[in-house]
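Chemist: Mind looking over this structure? Questions follow.
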Amino acid sequence: MNPTERLLRACRGEPVDRPPVWLMRQAGRYLPEYRAVRGEVSFLELCADVDRAVEVSLQPLRLVGTEAVILFSDIFVPIPGMGVEVDFAPGPVIAEPLRSLPQIEALRVPDTRETVPHVFEILRTLRRALEDEAVPLLGFSGAPFTLAAYLVEGGGSKDFATLKRMMYRAPELLRALQARLTDLVVDYLNAQIEAGAQVVQLFDTWAGLLSPLDYVEWVLPVHREIAAKVDRERAPLVLYVGNGAHVFDAMLESGVDVLSLDWRADMAEAARRAGDRVSLQGNLDPCALAAPVHEITARVHAIAEAAAPARGHILNLGHGVLPETPVEGVRAFTEAARAVVRRRP
Ligand code: CP3
C-alpha cells in the first residue's frame, strides 16, 4: 500500500495495513534546516517564496520520516487580500482589529487564485515532486471562528475576551464576519484541491473556547457549510478543534471525514462515540516528544490501540510541533508509528 492510498483510505474508513503518520506544524523552528532557510527571509517572505516554501515543506519527509507533506504557509496568508493588514511577531498581529460593521462590510472576498497565486504554485510544484514516491499532499485553511478570533482581538490572546464580548453584545457583527470568512475558506480550499491538495485540513484552534451550547450555535453551522461546499469527493476534509473534547459530539455532526483530536481528548472514548461516522486523527501531547524514545514509542502504541475501534486512524499530535522539540523525539514518533499493526476489534 503506498502512502497516498494509506492516507486516503484511513480518511475514508477503508481497510489499511497500519495508520499513516504526519505531524501538524511538521515544518518549523524545531528543525535546524528550517531555521537556516528562515534566517535568510522573514516569515511572510518565506510563505510567498515558491522555491523556499517548497524546500521547507519537503524537509520533514527526509529529516523526520513523516508520510505526508503539508503546504508550508499560514492561516493568515489569504487575509491581506480581504483588505486587512497582517504582520507576524511571531504570531499574527492585526494593525486595525475589526470591531465595527463598516470595517466588516468593507472586507472583500477575493479570488485567492488572484491574490495569493504563489500558494497554488507551491502546491502544484510539491505535487509534481511527490508523484514518484506517491507521498500525499495536504492543503489547509484556518476556520472562520479562529480567523475571526485574531481579526477581532488584534492578535493572540489567552481567552479572546474581546471576541466573546462581540459574540454576546453584537452578534450581528460576528455573524457578518464569519459569513465573509466562510465564503473565503470554501473557495480557498477548493482552489487548493484544484492545485493538487489530496486532503485538506481546517484548523479551528480557538473554537474550543466556547461552551457546548455556543459551539453549536456559532461554530457547528459554519463547519457544516464548509463540509457541504468543499469538494470532498476529490479530497477528504479533516477538522481540528483545539481543546475541543467537550464538543466532540457536536463535531460529529459537522459532516467532515476526519476529526483531529486535541491531546486532552480521550482517544478510546472518542473512538467508541465516533463509530463508523468519521475517522480520527491524533493525539499525542506535543510536549511528550521531549520524553525518552521508549516512552514515545509506548504512547504511540497506546494511542493506536485506543483508536482501533474507529473506522480509520491517522497518527498525529494533539496540536502543532513546538519550537523546543528535540528532532529525535519527532523521529521516534514516526518510527513508532511505522511499527504499528492496524487491528480492528
Ligand atoms: O503544519 C505545517 O507544517 C504547515 C505550516 C503551518 C504554519 N502555521 C506555519 C507557521 C500551519 C498549518 C499553520 C497554522 C496556524 N497558524 C494555526 C492553526 C494551527 C495551530 O497551530 O493552532 C494558527 C493558530 C496559526 C497562527 C500562527 N502563526 C501563530 C500563533 C504563530 C506564532 C506561533 C509560532 O509557532 O511561531 C504563527 C507563525 C508560524 N506559522 C510559524 C510557522 C512555521 C513560525 C514563524 C517563524 O518561523 O517565525
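Chemist: So, in the stretch 163-220, of the ones that are free of Cβ contacts under 8 Å to residues at least 24 places away in the same chain and either more than 24 Å from residue 243 (Cα to Cα) or part of a strand (DSSP E or B) (or both), which residue ends up least open to solvent (accessible area, probe 1.4 Å)?
Modeler: So the residue we want is 170.
Chemist: Something else: State which residue is farthest from the ligand (Cβ to nearest atom) when the search covers only the stretch 24-39 and only residues that are within 17 Å of residue 73 (Cβ to Cβ) and free of Cβ contacts under 8 Å to residues at least 60 places away in the same chain.
Modeler: Ranking the qualifying residues of the stretch 24-39, first place goes to 37.
Chemist: A further question follows. Quick check on my filter: what residues within the stretch 279-298 are touching a helix residue (DSSP H, G or I) at 6+ places or on another chain (Cβ under 7 Å), surrounded by fewer than 17 Cβ atoms within 10 Å (Cβ to Cβ) and closer than 19 Å to residue 339 by Cβ?
Modeler: 293
Chemist: For the stretch 49-83: of the residues being surrounded by fewer than 19 Cβ atoms within 10 Å (Cβ to Cβ) and among the small types (Gly, Ala, Ser), which is nearest to the chain's Cα centre (by Cα)?
Modeler: Only one residue tops the list, namely 65.
Chemist: Hey, another quick one. From the residues in the stretch 146-183 that are among the hydroxyl-bearing types (Ser, Thr, Tyr) and away from the ligand (no atom under 16 Å from the Cβ), which one is farthest from residue 209 (Cα to Cα)?
Modeler: The selected residue is 182.
Chemist: Then there is this: Name the pairs whose Cβ atoms lie under 9 Å apart, with the first residue in the stretch 331-343 and closer than 19 Å to residue 309 by Cα, the second open to solvent by 90 Å² or more (accessible area, probe 1.4 Å) and not in a helix (DSSP H, G or I), and 6 or more positions between them or separate chains?
Modeler: Hits for this filter: 342/15.
Chemist: Within the group 231, 276, which residue is out of contact with any helix residue (DSSP H, G or I) (no Cβ under 7 Å at 6 or more places or on another chain), assigned to a loop (DSSP other than H, G, I, E, B) and open to solvent by 50 Å² or more (accessible area, probe 1.4 Å)?
Modeler: 276
The values are calculated or read from the model by the stated rules, or taken from the named source; none is laboratory data. Fair warning: this is a prediction, and the values are worked out from it, not measured in the lab. As a convention, Cβ positions derive from the backbone with ideal geometry for all residues, glycine included, and neighbour counts pool all protein chains shown. Note: accessible area is taken over every heavy atom of the protein model, side chains too, but ligands, DNA and RNA are not part of it. Shrake-Rupley method; radii C 1.70, N 1.55, O 1.52, S 1.80 Å.
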